[in-house]
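Data first, discussion second: the structure below is written as structure tokens.
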Amino acid sequence: FFVFSVRKFVNTPVNRSGYIWRDKLVAEIKRDASDRGYPCVSVSYITDPGYNLGYRFLMFRKGLKLKPVSEKVPVYTIVYPLKKIFPVNATFGEIGLIYPDYKVYRSDIVDKSCQGSDYNLVEPMWGMPS
């Protein structure tokens, strides 16, 4: 049993989509949004159901203001697992990030759309009553 356990421990691949990688991805979104002067962003996911969870606290902790996905706010897309059909701009472990098409977003429209409350703070959590 001991030999089996040690062998299993040594040969099991490391999950490269966990907290460390998600934290780095959210930090990159925050950095890029700040560098471009976006007061808020939207985040979409290309993933299987359930794999879009675990980012809400990280975005709150980094001070990233979120709004619902729309054509008025820059949309960063998180891709997991990585697949060749989704061309990503950056990777963090097994998680990919697609940057928004910057030329589509005018700063005056983004600033106006970002007014109001943070979507991350006012929307109910999945599975919880509103």
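Figures for the structure shown
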{"item": "Boolean, Tyr76 is over 18 Å from Ser117 (Cα atoms) and within 10 Å of the chain's Cα centre (by Cα)", "result": "yes"}
{"item": "Test: residue in the range 99-122 that is hydrophobic (A, V, I, L, M, F, W, C) and in contact with a Pro (Cβ under 6 Å, 6 or more places away or on another chain)", "result": "yes"}
{"item": "Qualifying residue in the range 64-71 (condition: over 20 Å from Gly96 (Cα atoms) and open to solvent by 100 Å² or more (accessible area, probe 1.4 Å))", "result": "yes"}
{"item": "Candidates Pro74, Pro13, Pro39, Pro68, filtered to the one that is over 22 Å from Met125 (Cα atoms) and in contact with a strand residue (DSSP E or B) (Cβ under 8 Å, 6 or more places away or on another chain)", "result": "Pro74"}
{"item": "Any pair with Cβ under 7 angstrom, 6 or more apart, that starts in the range 1-24 at a residue that is closer than 16 Å to Tyr80 by Cα and ends at one that is in a helix (DSSP H, G or I) and open to solvent by less than 100 Å² (accessible area, probe 1.4 Å)", "result": "Arg22/Leu58; Asp23/Leu58"}
{"item": "Residues located in the range 28-73, provided they are within 20 Å of Cys114 (Cα to Cα) and acidic (Asp, Glu)", "result": "Glu28, Asp32, Asp35, Glu71"}
{"item": "Count of residues meeting criterion [part of a loop (DSSP other than H, G, I, E, B) and loosely packed, with under 11 Cβ neighbours inside 10 Å] in the range 7-24", "result": "3"}
{"item": "Residue in the range 25-40 that is over 12 Å from Leu64 (Cα atoms), open to solvent by less than 100 Å² (accessible area, probe 1.4 Å), outside any helix (DSSP H, G or I) and not β-branched (Val, Ile, Thr) present", "result": "yes"}
{"item": "Only one of Ile109, Ile78, Ile46 that is assigned to a strand (DSSP E or B), more than 14 Å from Asp23 (Cα to Cα) and touching a residue at least 12 places away in the same chain (Cβ under 8 Å)", "result": "Ile46"}
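A quick yes/no check of all residues on (1) within 13 Å of Pro100 (Cβ to Cβ); (2) small (Gly, Ala, Ser); (3) at pLDDT 95 or above:
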position	(1), (2), (3)
Ile29	yes, no, yes
Ala33	yes, yes, yes
Pro49	no, no, no
Arg56	no, no, no
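Yes/no per residue for (1) of a type outside the set (Ser, Thr, Tyr); (2) closer than 13 Å to Leu25 by Cα:
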{"site": "Thr47", "(1), (2)": "no, no"}
{"site": "Lys62", "(1), (2)": "yes, yes"}
{"site": "Lys65", "(1), (2)": "yes, no"}
{"site": "Glu71", "(1), (2)": "yes, no"}
{"site": "Val79", "(1), (2)": "yes, yes"}
{"site": "Val88", "(1), (2)": "yes, yes"}
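The values are calculated or read from the model by the stated rules, or taken from the named source; none is laboratory data. Every value quoted in this text rests on a predicted model; they were computed, and no experiment measured them. Here Cβ is always computed from backbone atoms with ideal geometry, including for glycine, and neighbour counts include all displayed protein chains. For the accessible areas, the whole protein counts, side chains as well, though only heavy atoms, and no ligand, DNA or RNA atoms are used. Shrake-Rupley method; radii C 1.70, N 1.55, O 1.52, S 1.80 Å.
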